[in-house]
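Colleague: The structure's right below; bear with me while I get my questions together.
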Amino acid sequence: MQAPRWLRRLGSSLLIGGQAVTAASRGKINTIDLFDQLLEAGPSTFLIVLITGVAAGSVFNIQVAAELSGMGAGSTVGGVLAIGLAREIAPLLTATLLTGKVATAYAAQLGTMKVTEQIDAITMLRTDPVEYLVVPRLIAMVVMAPVQCLLFFGVAVWAGQMTSTAFYNIPPAVFWNSVRTWLQPDDLPFMLIKALVFGLQIAVLSCGWGLTTEGGPKEVGTSTTGSVVMILVTVALMDVLLTELLFG
């Protein structure tokens, strides 16, 4: 009995990811494409992360501040928001945004190259498609996912402070003092570790699904959708594991 196609593609993606990590560790990096991929995963996505960070910080804080202020605990609002963002919301939402913006591009680009036989042409030129195409994308995501996560966290906390002051009259000094008091020294480093792991997952699965595309142009859309679904499911499962390991 043959294994389901998604399971075979997951296995192929993990093998491709292993090859890419090995090639990167040996310094076999396509530096020209790497710069383009860093722009794709970084500056091209900053605006989306900024807007979502402001919205998430504001909405989360409005809900928290309303309850805590009603109980006379308004001075703890900043700390609750910062912990919630650092330990869970920032890395998970950043991964979701990068999946929608970057992973879809990776899967579609490589899927199109596969069905139009450009991958075969690269192989015939004695160039390893994993080194040439996957390694730059993997490095870009591993570098930029923590940067985007830190940006999201900073913007969301700032938005939370603004809404706390504007709607609930919590002084900025009280809010920031609460943030400093509640945040543990390990919270931000662990948040960045989560983001890095999620970035690695996004790159490996999106590139793996793209390179295992079979058939015609219609399959490119199917591969792109399939990669997004697989990334979101595996990121959610990995989040449970990392939360237990890092914060449990």
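The values are calculated or read from the model by the stated rules, or taken from the named source; none is laboratory data. These figures come from a predicted structure and were not determined experimentally. Heads up, the Cβs are rebuilt from the backbone with ideal geometry, glycines too, and the neighbour counts pull from every protein chain shown. Side chains are part of the model used for accessible areas, which takes the heavy atoms of the whole protein and leaves out ligands, DNA and RNA. Shrake-Rupley method; radii C 1.70, N 1.55, O 1.52, S 1.80 Å.
Colleague: Residue check: is GLY42 at pLDDT below 90, within 16 Å of CYS149 (Cβ to Cβ), touching a helix residue (DSSP H, G or I) at 6+ places or on another chain (Cβ under 7 Å) and not aliphatic (A, V, I, L, M)? Working first, answer last.
Modeller: Working: at pLDDT below 90: yes; within 16 Å of CYS149 (Cβ to Cβ): yes; touching a helix residue (DSSP H, G or I) at 6+ places or on another chain (Cβ under 7 Å): yes; not aliphatic (A, V, I, L, M): yes.
Against the criterion (at pLDDT below 90, within 16 Å of CYS149 (Cβ to Cβ), touching a helix residue (DSSP H, G or I) at 6+ places or on another chain (Cβ under 7 Å) and not aliphatic (A, V, I, L, M)), GLY42 qualifies.
Colleague: For the stretch 19-41, enumerate the residues that are within 24 Å of THR234 (Cβ to Cβ) and more than 19 Å from the chain's Cα centre (by Cα).
Modeller: GLN19, THR22, ALA23, ALA24, SER25
Colleague: Could you grab me the full set of residues in the stretch 66-89 that are open to solvent by 50 Å² or more (accessible area, probe 1.4 Å) and either within 23 Å of LEU188 (Cβ to Cβ) or touching a strand residue (DSSP E or B) at 6+ places or on another chain (Cβ under 8 Å) (or both)?
Modeller: SER75, ARG87, GLU88, listed by residue number.
Colleague: Next up: Hey, ASN169 hits all of (1) modelled with pLDDT of 90 or more; (2) open to solvent by 20 Å² or more (accessible area, probe 1.4 Å); (3) over 20 Å from TRP6 (Cβ atoms) but one; which does it fall short on?
Modeller: Evaluating ASN169 over (1) modelled with pLDDT of 90 or more; (2) open to solvent by 20 Å² or more (accessible area, probe 1.4 Å); (3) over 20 Å from TRP6 (Cβ atoms) leaves (1) as the failure.
Colleague: Hey, another quick one. So ALA23 passes all but one of these: (1) assigned to a helix (DSSP H, G or I); (2) farther than 23 Å from VAL142 by Cα; (3) among the small types (Gly, Ala, Ser). Which condition number does it fail?
Modeller: The number of the failed condition is (2).
Colleague: Between residues in the stretch 106-134 that are part of a helix (DSSP H, G or I) and residues that are among the hydroxyl-bearing types (Ser, Thr, Tyr) and open to solvent by less than 10 Å² (accessible area, probe 1.4 Å), which pairs lie under 6 Å by C-beta distance while being six or more apart or on different chains?
Modeller: TYR106/SER206; ALA107/SER206; ALA107/SER223; ALA107/SER227; GLY111/THR213; GLY111/SER223; LYS114/THR213; VAL115/THR213
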